[in-house]
1. Identify all residues within the stretch 384-415 that are within 11 Å of the ligand (Cβ to nearest atom) and either in a loop (DSSP other than H, G, I, E, B) or open to solvent by 50 Å² or more (accessible area, probe 1.4 Å) (or both); write none if there are none.
2. Quick one: which residue in I182, I170 is without any contact (Cβ under 8 Å) to a residue 60 or more places away in the chain and open to solvent by less than 40 Å² (accessible area, probe 1.4 Å)?
3. So the check is Cβ under 6 Å with 6+ separation or different chains; which pairs have a first residue in the stretch 352-370 that's closer than 23 Å to L308 by Cα and a second one that's of a type outside the set (A, V, I, L, M) and near the ligand (Cβ under 7 Å from one of its atoms)?
4. Step by step: first the residues of the stretch 352-379, then only those that are open to solvent by 10 Å² or more (accessible area, probe 1.4 Å) and hydrophobic (A, V, I, L, M, F, W, C), then the one that is farthest from the ligand (Cβ to nearest atom). Which residue is that?
5. Only residues that are within 16 Å of the ligand (Cβ to nearest atom), part of a strand (DSSP E or B) and open to solvent by less than 40 Å² (accessible area, probe 1.4 Å): list them for the stretch 493-523, please.
6. Checking the condition surrounded by fewer than 24 Cβ atoms within 10 Å (Cβ to Cβ) and either within 16 Å of the ligand (Cβ to nearest atom) or closer than 30 Å to E104 by Cβ (or both), which residue from L626, L586, L568, L608 passes?
7. Which ranges mark the strands (runs of 3 or more DSSP E) fully within the stretch 1-62 that have 2 or more residues being farther than 21 Å from F194 by Cβ?
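The values are calculated or read from the model by the stated rules, or taken from the named source; none is laboratory data. Given the structure is predicted, the values throughout are model-derived calculations rather than measurements. Ideal geometry is used to build each Cβ from the backbone, glycine not excepted, and the neighbour counts take in all protein chains shown. The area values use the complete protein model at the heavy-atom level, side chains included, leaving out ligands, DNA and RNA. Shrake-Rupley method; radii C 1.70, N 1.55, O 1.52, S 1.80 Å.
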Amino acid sequence: MCGIVGYIGMQAASEILLAGLEKLEYRGYDSAGIATVGEGEIHCVRAKGKLQNLRSKLEGIENPSQIGIGHTRWATHGKPEEYNAHPHMDVAQRVAVVQNGIVENFRELRLELQQKGHEFKSDTDTEVIPHLIAEHLAHPESAAPATLASSPFLEAVRQAVNHLEGAFAIAVINADYPDELIVARQQAPLSIGFGQGEFFCASDTPALIPHTRAVLTMENGELAKLTPLGVEIYSFAGDRIKKSPRTLTWNPIVVEKQGFKHFMLKEIYEQPGVVRGCLEAYTESTWDASHDTPPVNLGLDESFYENLDRVQILACGTSWHAGLIGKYLLEQLAGIPTMVQYASEFRYAPAPVTANTLTIGVTQSGETADTLAALAMEKERRKSLKPEYQPRLLGITNRPESSLGYLVPNIIDTHAGIEIGVAATKTFVAQVMAFYALALDVAYRRQMLTLERIQEILGGLRQLPGQIELVLESQERYIEELAHEFGDTQDFIFLGRGINFPIALEGALKLKEISYIHAEGYPAGEMKHGPIALLDAKVPVVAIAMAGSVYDKVLSNAQEAKARDARLIGVTPMDDKEAAETFDDLLPVPVVDEILSPLLSVIPLQLLAYHIAARRGLDVDQPRNLAKSVTVE
Ligand code: AGP
């Protein structure tokens with residue numbers, strides 16, 4: 001979704017802004033722009049489409065300005081046209097603003113401003129902000145608090161943001177204050193990077209790490225003034241806040257393709273390492289049933305586990321699929337009743353409050369607006385209730401530094417690192433790993449599994465990195481070839497049962513996201529209750545038939561599809577004669593304990609989606625209309 005960058009310092013700003021925007025491209029966007037201050041004027045250039053279009057417009061223009069803001073826009077209000085691209089300016093073109101989020105009361109504000117003579121040029125909600133700031137500069141509504149008396153521009157931004165409703169992050173420059181870059185955050189991410197005599201801001205850290213590892217994540221209701229001399233932070237009420245940056249441990253190399261054609265493929269190949277990383281982080285490698293210490297250590301306080309009766313998982317998209325596997329594990333291994341809800345549904349129709357309930361928010365970005373809002377709502381509605389109903393919140397994410405990290409007191413860091421491809425792959429596998437660890441931890445504490453069974457499952461998990469590597473090595477070439485055969489296919493059906501039903505959903509979501517082929521996932525047993533009507537020779541069916549309790553059932557369901565002429569593709573156990581006789585195409589994976597099978601069955605489906613999309617020549621990493629972090633409702 002939209003991206004913000006800002007710079008103030010001693011270097012020419014425009015190249016730094018463009019390079020920063022390139023680092024945010026992965027989030028998805030449809031237009032871009034930058035604004036700088038030079039010779040008492042704002043120089044603003046915007047372009048529809050890819051950043052290259054903006055680069056072309058800027059080519060040959062000498063611009064030594066040392067302050068500027070930049071933006072990649074993902075359209076919410078108004079079409080993806082140049083006139084709607086950010087930065088937006090006031091009538092006199094003295095103030096320029098970039099914004100992420102949505103100003104919910106923009107219609108009222110726009111009307112008020114129009115009545116005062118402000119003319120608008122775009123259809124966006126954002127354009128009210130520069131006009132509002134200009135209005136407050138010209139006519140301050142009250143005397144500035146003592147802390148801000150010497151900063152009229154900052155004070156005007158402070159007064160303006162206090163009139164905005166919704167979730168937003170902004171960066172603002174002013175032709176009359178060429179040494180000040182003002183930023184503000186309310187429910188949309190924004191961080192400040194600290195350099196030597198130069199400062200940066202960005203809505204996501206990949207734009208900062210090429211310059212500095214000293215990063216300060218802003219919190220809701222904060223605004224900051226960046227000058228070449230330093231950073232001052234204030235609350236929206238005008239109180240000065242003392243804060244220091246922390247040091248990011250990231251390696252800039254993780255945001256490079258490293259020889260892979262796409263980030264998605266690189267991230268698929270990173271999955272064995274991700275599983276290893278999770279095992280190292282959560283488990284003691286020498287643990288076995290003879291130990292009297294817990295098999296898993298998630299770093300959570302003992303009180304976290306006390307009187308735990310229920311779990312509710314809130315998430316969206318792929319993270320919701322990880323939540324479905326989490327439910328299976330928590331119920332089947334730890335015996336805890338668990339429900340999984342779409343965060344976007346839960347926030348307006350929450351389940352009745354139950355006692356001793358753990359609420360888990362799962363999100364790779366840590367910034368998904370619906371998930372954050374659902375968690376905040378849950379926290380709020382429980383806080384005045386009796387002790388047993390008090391909020392007990394846990395976040396599962398690979399971005400502990402995100403807004404999620406500020407909202408919930410407990411985080412399981414999935415250690416997957418940043419993911420650039422819009423289609424989630426390694427972050428999904430990492431979220432599922434976190435659920436294995438949590439389910440085993442709770443099962444151990446509640447004595448729901450024997451130590452020998454825990455040892456068996458942990459032993460199986462330790463085999464997985466090598467087994468995923470084997471699937472990648474043995475399958476990729478074949479799947480690349482197979483993908484050629486679906487050049488004209490318009491619909492796919494994915495079937496799975498039990499712990500692999502969420503993998504059917506995930507396989508279908510991956511395919512539709514990046515190949516734009518219509519795909520649906522169903523529990524295999526449900527096919528005959530309706531979807532079977534769709535089947536004919538033109539609709540391939542992918543069935544996940546892993547060894548275990550539902551293997552025969554899935555094979556029977558696959559036969560039902562075959563009887564309707566569907567081409568059958570099976571994700572099956574390796575060297576399985578029955579599967580070889582049933583399916584037209586085989587995507588075999590090593591035989592593992594059924595409870596562990598999703599971590600293997602998902603791999604060929606990721607590769608299938610990837611190669612079908614790549615074969616069609618589509619933009620795999622930045623599919624149309626999608627964004628890596630969905631920061632609006
Ligand atoms: C996954 O491939 C999708 N891009 C999307 O469904 C995603 O999982 C969803 O938007 C939730 O994102 P989150 O994990 O960052 O909360």
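1. Those that are within 11 Å of the ligand (Cβ to nearest atom) and either in a loop (DSSP other than H, G, I, E, B) or open to solvent by 50 Å² or more (accessible area, probe 1.4 Å) (or both): N398, R399, S402, T414.
2. I182
3. If the second residue must be of a type outside the set (A, V, I, L, M) and near the ligand (Cβ under 7 Å from one of its atoms), the pairs left are G361/T371; V362/S319; T363/S319; T363/T371.
4. Here the residue is A355.
5. F494, A519, G521 - these are the residues of the stretch 493-523 that are within 16 Å of the ligand (Cβ to nearest atom), part of a strand (DSSP E or B) and open to solvent by less than 40 Å² (accessible area, probe 1.4 Å).
6. Result of the check over L626, L586, L568, L608: L626.
7. Output list reads 31-38, 41-48.
Quick grid of which residues meet (1) under 19 Å from the mean Cα position of the chain (by Cα); (2) crowded, with 24+ Cβ neighbours inside 10 Å; (3) aliphatic (A, V, I, L, M):
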| site | (1), (2), (3) |
| --- | --- |
| Q187 | yes, no, no |
| F194 | no, no, no |
| A202 | yes, yes, yes |
| T212 | no, no, no |
| V215 | no, no, yes |
| L226 | no, yes, yes |
| V231 | no, no, yes |
| G238 | no, no, no |
